[in-house]
Amino acid sequence: MKYPFPVGKSDFIQGDEAIARAAILAGCRFYAGYPITPASEIFEAMALYMPLVDGVCIQMEDELASIAAIIGASWVGAKAMTATSGPGFSLMMENLGYAIMTETPIVVVDVQRSGPSTGQPTLAAQGDVMQAIWGTHGDHSLIVLTPATVQEAFDMTIRAFNLAEKYRTPVILLTDAEVGHMREKVDIPNPEDIELVYRKLPANEEEAKYPFGDIHGDLIPPMPIFGKGYRTYVTGLTHDEKGRPKTVDAEIHRKLIERIVNKIEKNKKDIIDYETFELDDAEVAIISYGIVARSAVRAVKMLRNEGIKAGLLKLNVVWPFDFEMIEKIAEQVHAIYVPEMNLGQLYHLVKEGANGKARVELIPKIGGEVHTPHEIVREVKKCECGV
Amino acid sequence: MRFKLSYEIRDKYLRKDMLPTIFCPGCGIGTVLQYTLRAIDELGWSKDEVVWVSGIGCSSRVPGFVDFDGLHTTHGRALAFATGIKMARPDLKVIAFMGDGDTAAIGGNHFIHAIRRNLDVTVILINNFTYGMTGGQVAPTTLKGLRGTTAPYGSFENPFDIAELAVAAGANYVARWTVFNYIQGINSIKKALQKKGFSLVEFLSPCPISFGRRNRMKTAPELIKWYNKITVPISKAKNMSPEELEGKIVIGEFVDRDRPSLDEEYEAYKKRAKKMMGWEE
Ligand SMILES: Cc1ncc(C[n+]2csc(CCOP(=O)(O)OP(=O)(O)O)c2C)c(N)n1
Ligand code: SF4
C-alpha cells in the first residue's frame, strides 16, 4: 500500500499532523469533522490523505453530526475518528454516550483549548479532563489518553484505535493546543512494524445473536457489523443481550451497565500506562499528565538539586484511573503535587486515591500558558520549606 | 403481481420476538411500515442489503420491529449516523424512518444538510403534527391554532412544510401522501428506494392518542375525515390561488430528478485527488 507521507523514517511535524498520520497507519478510513481551533489541522491533514488511501473524509454540519457519522461508519466496519476542541467536544457528549451504550469503537480527539465557552481558542489548557471522563450523562466508562509530546500524540493515536477495537468502546485522545501545534521530530515506523488490533467479530450465526452479551466471558461481545447478513438491531435504549429494548427492567439495566463499566475496570492493568521519574526514593511526588508533565520532569531535577527528594508520576492514561497506585505512592511520600492547566480536575481523583495518606496540593495555572519548571519548583518549595 | 396478504409480509419481515409493537390503536405508523415492507418486497430486495436508521420518537421505534440491520440512534440525528453508514459502505441501501419533530426540529440541520449533500438515503417520514412519544407537545409541523400540551391555547407559530423544504434543499425525489393513499404511498416508496440520492416520502399519519385527542379528533376515522378536508392533490393545487390554499396541505409527487448522489461525487473526488497527486493517470 502506498502512503501519502513518508513512512519508516522520522519527520519534523506538528502534533495535529502526527495524529492524522498515525490514524491512517492505524487503519482509520473514515473521518468526519467540523473545523475548530486548535484541532483543524487534524481535519485538514485527513482531507489531504483520506481520498488517496481510499478512505472517506467529510465535513459535517456540526460536531453532533461528526460523531454520529463516525459511529455509523464504525457499525459498517470502518475504523473511524473525529477531532475537535472544547465547544465541539461539549456538543458531542450525547452521542459519546450513545457510543458507550452501544459499545461502538471510535476515536475522538479533543485538542483542549481554554474555556468555558469559546474561551481562548488558540491557547492551551487542560480544562476538559472531567468532561472527557464524566461529560456524558449516566453511569459509564471509557478510555482517556493524554499525550505530552508529538511522538506520544502519534503513538497514542495508534494505541487509541487499538484499545477502541479491543474493548469495543470510544477512546478519547485528550491532548491540548500546545502539543497539537508544536513541531517535533517524530519517528514514523514502517507500517509492517505497527501492531494493529481489530475488533472481535462473531465466529458464527449463533454468536451474532448476542451482540450485547458476554458470550466469551471476557465482558466484550463480538461486534456483528452491518451488511454481513446478521441483521442486528442496535439501540441506545437499555437493551438485553440480543439488543432488544428493555427500558424498565432494573436487572437488565444493571447487568448491561455493569458489564460496560467492568470491561474497562477489570482490564485496568492492560489499559493504564504511566511513566515514573526519580520516584523510587521520593519523599515528595508530582503527578502530572500531558504537556505539563514535561515541565514537571525538569522541576524534579531542580528540586533534587536543591535537596528536596522529588519524583514524578506521569500519567499517559487518565481514565481508567489507578486509585490503588496513587494510594501506594501516598503511603511512601508525605506530599503529592498536581500541577494542572486548570483550577483542579485530575487533582480530585488524586486526592481520592491518596486517601488521606499524604497531603495533596494543586498547582493550578490558567490563561493559556504551560507551567514553567520554576513555577512548579516555587510552589513545591513554598510548601516544603515554607519559602 | 399477486397481492400479498398482511400476514405474509409480517412473517417475512418482522422480528417475532419484538412484538407486540408499542403503537397505540389507530396509530398510522404501522400502516406506513407495512407500505415500506411491501415496497421492499415488490422490489425483491434482500434483507441483508438494507440498513434501517432512526432517531427517537414513536416512529423511530420501527427499525426495532423489522428483521434488518438497524441503528436506533439519538433524537434528530438519524441522518448524521446514516451519512457514516452510507459513505463507509456505499453498496448498502439506507432507509431512515423518522418523525416530524425528529426530522424538522432537533434534526432540522442534519435534514437540510443531508439533502444538500444528496446523501443516498430514503427518508420515510411520519408526520403526525405532534410529538407522539413525549405525549403531544406541539411540533414544527403543528398547524396554527391546533393544540398541544405546550401550546394549550393553540399553536401560535408558523409550521414547516417539510416536503417543500426538501425540494428547496435539493432532494432528488419528494412525495407526500396521507396514510390512506395506499397505492400512491407504496408506489412512491418504491420509486424513492430505487432513486440514487436523497428521497423523501412524507406521510400524514394519525396519532389519535397524543394529537387527535387534544384536537377533537379522538379516533383514526375522525382524523381521516380531517385529512380529506385539508389535503389538496398537487395537480389541483396548481390552479388554486394562495388564498384558496391557505390552511391546506398539498399531496402528491413534488419532485423527481437525478442529481448525482454524495457517494457518486465522492468516488469522483477520490479519482481527482489521486490524479492531482500524480498517483493515477
Ligand atoms: C436530546 C433529546 N431531547 C428530547 C428528547 C425527548 N423526546 C423523545 S421523542 C421526542 C419527540 C418525538 O416526536 P416526533 O419526532 O414527532 O416523533 P413521534 O413520536 O411523533 O413519532 C422527544 C422530544 C430526547 N429523547 N432527546
Ligand atoms: S402516541 Fe401517537 S404516534 Fe405514538 S404510537 Fe401512539 S398514536 Fe402512534
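Assorted remarks:
- Residues of region A:44-65 that are surrounded by 24 or more Cβ atoms within 10 Å (Cβ to Cβ), aliphatic (A, V, I, L, M) and either more than 9 Å from every other protein chain (Cβ to nearest Cβ) or in contact (Cβ under 8 Å) with a residue 60 or more places away in the chain (or both): A:ALA45, A:MET46.
- In region B:202-222, the residues that are open to solvent by 20 Å² or more (accessible area, probe 1.4 Å) and either within 12 Å of ligand 1 (Cβ to nearest atom) or part of a strand (DSSP E or B) (or both): B:ILE209
- Of the residues making up region B:114-141, those that are within 12 Å of ligand 1 (Cβ to nearest atom), in a loop (DSSP other than H, G, I, E, B) and either touching a helix residue (DSSP H, G or I) at 6+ places or on another chain (Cβ under 9 Å) or aliphatic (A, V, I, L, M) (or both) number 9.
- Any hit, region B:80-94, residues being within 16 Å of ligand 1 (Cβ to nearest atom) and aromatic (Phe, Trp, Tyr): yes
- Complete set of residues in region B:165-216 that are within 16 Å of ligand 2 (Cβ to nearest atom) and of a type in the set (Phe, Trp, Tyr): B:PHE180, B:PHE203, B:PHE211
- Only one of the numbered conditions (1) more than 16 Å from A:TYR98 (Cα to Cα); (2) free of Cβ contacts under 8 Å to residues at least 60 places away in the same chain; (3) under 19 Å from the mean Cα position of the chain (by Cα) is not met by B:LEU43, and that is (2).
- Residue that is most open to solvent (accessible area, probe 1.4 Å), among those in region A:75-89 that are within 8 Å of another protein chain (Cβ to nearest Cβ) and in contact (Cβ under 8 Å) with a residue 60 or more places away in the chain: A:GLY77
- Screening A:ILE106 against (1) open to solvent by 10 Å² or more (accessible area, probe 1.4 Å); (2) within 11 Å of another protein chain (Cβ to nearest Cβ); (3) of a type in the set (Val, Ile, Thr) leaves a single unmet condition, (1).
- Boolean, B:ILE183 is modelled with pLDDT of 95 or more and under 13 Å from the mean Cα position of the chain (by Cα): no
- Strands (runs of 3 or more DSSP E) completely within region A:269-316 that count 1 or more residues being open to solvent by less than 10 Å² (accessible area, probe 1.4 Å): A:284-289, A:310-315
- Of note, B:PHE156 satisfies the criterion of being open to solvent by 30 Å² or more (accessible area, probe 1.4 Å), assigned to a loop (DSSP other than H, G, I, E, B) and more than 15 Å from ligand 1 (Cβ to nearest atom).
- One residue alone among A:LYS357, A:LYS365 is closer than 22 Å to A:SER114 by Cβ and open to solvent by 10 Å² or more (accessible area, probe 1.4 Å), and that residue is A:LYS365.
- Residues in region B:223-247 that are at pLDDT 95 or above, surrounded by fewer than 19 Cβ atoms within 10 Å (Cβ to Cβ) and among the β-branched types (Val, Ile, Thr) were compared, and the one that is farthest from B:GLY170 (Cα to Cα) is B:ILE230.
- Screening B:ALA169 on (1) more than 14 Å from every other protein chain (Cβ to nearest Cβ); (2) more than 16 Å from ligand 1 (Cβ to nearest atom) shows it passes everything except condition (1).
- Residue within region A:228-238 that is part of a helix (DSSP H, G or I), within 14 Å of another protein chain (Cβ to nearest Cβ), open to solvent by 60 Å² or more (accessible area, probe 1.4 Å) and without any contact (Cβ under 8 Å) to a residue 40 or more places away in the chain present: no
- Residues of region A:48-63 that turn out to be within 21 Å of A:MET92 (Cα to Cα) and of a type outside the set (Asp, Glu), as a count: 5
- Enumeration of residues in region A:330-359 that are in a strand (DSSP E or B) and in contact with a Phe, Trp or Tyr (Cβ under 7 Å, 6 or more places away or on another chain): A:VAL338, A:GLU340
- In region A:90-99, the residues that are more than 10 Å from chain B (Cβ to nearest Cβ) and either among the aromatic types (Phe, Trp, Tyr) or open to solvent by less than 10 Å² (accessible area, probe 1.4 Å) (or both): A:MET92, A:LEU96, A:ALA99
- Pick from region B:248-275, criterion assigned to a loop (DSSP other than H, G, I, E, B) and open to solvent by 40 Å² or more (accessible area, probe 1.4 Å), ranking: farthest from the other protein chains (Cβ to nearest Cβ): B:LYS248
- Only one entry of B:THR122, B:THR142 meets the criterion of being more than 17 Å from B:ILE56 (Cβ to Cβ), within 14 Å of ligand 2 (Cβ to nearest atom) and either open to solvent by less than 60 Å² (accessible area, probe 1.4 Å) or touching a strand residue (DSSP E or B) at 6+ places or on another chain (Cβ under 7 Å) (or both), and that entry is B:THR142.
- Of all residues in region B:85-92, none satisfies being closer than 20 Å to B:ASN128 by Cα and either within 16 Å of ligand 2 (Cβ to nearest atom) or at pLDDT 95 or above (or both).
The values are calculated or read from the model by the stated rules, or taken from the named source; none is laboratory data. Everything numeric here is computed off the predicted structure, so don't read it as measured data. Every residue, glycine among them, receives a Cβ derived from its backbone with ideal geometry; neighbour counts consider all protein chains shown. Areas reflect the complete protein model, heavy atoms only, side chains present, ligands, DNA and RNA absent. Shrake-Rupley method; radii C 1.70, N 1.55, O 1.52, S 1.80 Å.
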